[in-house]
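For reference, the structure is listed below as structure tokens.
Derivation of every value follows stated rules applied to the coordinates shown; laboratory data play no part. These figures come from a predicted structure and were not determined experimentally. Glycine also receives a Cβ, built like all others from the backbone with ideal geometry; neighbour counts cover every protein chain displayed.
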């Protein structure tokens, strides 16, 4: 009986999702696949949300999610799922699709132009291998990015000081021993060069998808979409004490501080983040 109920719920959930389409690109050097799954739209979009799964995975399932589709429709967003792949030896050698400056970043932009037209601002959310691509795409093309979240990467590039620094979120599960140290170090390095980032340490979480983080990311992205990317409107917080601090305190101790776009989001952050 319980199994039948779960099956019915799953069918109802899938029935609420609109069908997705696939766009093929010619793979860049050191890539084996360069496809995008997307939710068609006939309206003028505010931005495009790009969901980036783990290493060499397909983003079709993410774009097919009724939750992400509802979020996209509610915020007038295009919805794209990354489906890039590279041989693992090229990924580890710094030549694969993780490295947006080597061709994969331009492929994403080309695909979005073909799918939706023009160059709408992008929101990117990547997990694991997807976090690798997300963090490097933001560094490579910050003028195309409104905001982003990179969750749980094993290694990161050193963030560079740039004129454009879209607000972003770096996260990792506290039980993900392989990636936690690298992730918090990346956050601190970014803050040290003045990037308006926020850090989330997820309690009792290993290297896995997190519905709690997904929900927070949706709220964070909504805040940025609705004018919250203006640094003068947000709040600065201490990532250890979780207290609000002044902008001057944040400047004096950048690697201990983080920026949130709204006061309301601060309350949500305090709930999900455990130093």
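Would you check if residue 146 is in contact with a strand residue (DSSP E or B) (Cβ under 8 Å, 6 or more places away or on another chain), on the phi < 0 side of the Ramachandran plot and outside any helix (DSSP H, G or I)? Yes. Residues of the stretch 54-71 that are surrounded by fewer than 23 Cβ atoms within 10 Å (Cβ to Cβ) and either touching a helix residue (DSSP H, G or I) at 6+ places or on another chain (Cβ under 6 Å) or assigned to a helix (DSSP H, G or I) (or both): 54, 55, 60, 61, 66, 67, 68, 69, 70, 71.
Of all residues in the stretch 93-128, how many are in a strand (DSSP E or B) and closer than 16 Å to residue 153 by Cβ?
Restricting attention to the stretch 93-128, the residues satisfying the condition of being in a strand (DSSP E or B) are 122-127.
So of that shortlist, the ones also closer than 16 Å to residue 153 by Cβ come out as 124-127.
Residues meeting the conditions: 4.
The number of residues in the stretch 86-124 being surrounded by 15 or more Cβ atoms within 10 Å (Cβ to Cβ) and under 19 Å from residue 221 (Cβ atoms) comes to 8.
Evaluating residue 74 against the criteria (1) touching a residue at least 12 places away in the same chain (Cβ under 8 Å); (2) out of contact with any helix residue (DSSP H, G or I) (no Cβ under 8 Å at 6 or more places or on another chain); (3) farther than 20 Å from residue 131 by Cβ leaves one unmet condition, (1).
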